[in-house]
Amino acid sequence: YANIQKMRENRTAPVDSMGCDKGKNSNDSPAVQRFQCLISLMLSSQTKDEINFAAMTRLREHGLTVQSLIDTSEEKIGQLIYPVGFWKTKAKYIKEVCQVLKDKYDCDIPRTVAELCKLKGVGPKMAHICMSSAWNEPSGIGVDTHVHRISGRLGWTQKECKTPEHTRVALESWLPRDLWVEVNWMLVGFGQEICRPVGPKCNECLNRFMCPTGQNWTPSPKKNPSPKKKPSPKKKVKE
């Protein structure tokens, strides 16, 4: 764990400057900022941080409050968030969620994981991250694909966990509670830069000789440059 902290101390990964907690406007009221954090999380699934951050920027320029999105057509929301993953479905969910927030929460967001998970398009990972980033109340570890993959690679779970939710429970069984917020952004950035899903840079990893994947790692063979094709001889034109 300390080795990954060391590798992440410069905070140069996309998540460090464009993560979900970076998409809110610090000049807005606390309730609006919490709403913006929720929207950013809803857009984030199956979407790179760079694309998500750009979509949030367009939404903020348009007007990113519960009421402003209620007053915006689903088609227009889709145009603003494109090309995030599943943008059509997310535009529909955003419209539905905004109405629920107005009707039940006075344009704020729910304050529990259970209530957050009742919103369309919000799962446990988003809910736990939202609790920490929006309410500053760590309720659990937010496990995305990076956290799920890396925890399995490092053997941080006692047995193979087939789902992110299983990984969350396994991690929380031994990781101190005061690290529950840190572990998400730390492993996400680590997964973006070094422990990538395909072609991990094990040669740059301080855990290489402790990690089962790193111990079996071999450098990719360098491809030989393709030989240049000789120009075909010009055909003689018959006179």
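Quick notes on this one:
- Among residues of segment 180-201, those that are open to solvent by 20 Å² or more (accessible area, probe 1.4 Å), in contact (Cβ under 8 Å) with a residue 60 or more places away in the chain and of a type in the set (A, V, I, L, M, F, W, C), counted: 2
- Counting only residues that are buried (at least 18 other Cβ atoms within 10 Å of the Cβ) and among the hydroxyl-bearing types (Ser, Thr, Tyr), segment 11-47 holds 4 of them.
- Among residues that are hydrophobic (A, V, I, L, M, F, W, C), modelled with pLDDT under 95 and in contact with a Ser or Thr (Cβ under 8 Å, 6 or more places away or on another chain), Cys107 is not included.
- All conditions but one from (1) touching a residue at least 12 places away in the same chain (Cβ under 8 Å); (2) open to solvent by less than 70 Å² (accessible area, probe 1.4 Å); (3) assigned to a helix (DSSP H, G or I); (4) under 26 Å from Glu165 (Cα atoms) apply to Lys92; the one that does not is (2).
- Residue tally, condition within 13 Å of Ile129 (Cβ to Cβ) and touching a residue at least 60 places away in the same chain (Cβ under 8 Å), over segment 15-48: 11
- Enumeration of residues in segment 39-68 that are aliphatic (A, V, I, L, M) and out of contact with any Phe, Trp or Tyr (no Cβ under 9 Å at 6 or more places or on another chain): Ile39, Leu41, Ile51, Ala54, Met56, Leu59
- Scanning segment 48-64 for residues that are at negative phi, surrounded by fewer than 21 Cβ atoms within 10 Å (Cβ to Cβ) and not in a helix (DSSP H, G or I) yields one hit, Lys48.
- As a summary of the residue check, Val181 satisfies the conditions (1) in a loop (DSSP other than H, G, I, E, B); (2) at pLDDT below 95 except for the one numbered (1).
The values are calculated or read from the model by the stated rules, or taken from the named source; none is laboratory data. Since we're looking at a predicted model, the values are computed, not measured. A quick note on method: Cβ atoms are made from the backbone with ideal geometry, for glycine too, and the neighbour counts reach across all protein chains shown. These area figures cover heavy atoms from the full protein model, side chains too; ligands, DNA and RNA do not enter into them. Shrake-Rupley method; radii C 1.70, N 1.55, O 1.52, S 1.80 Å.
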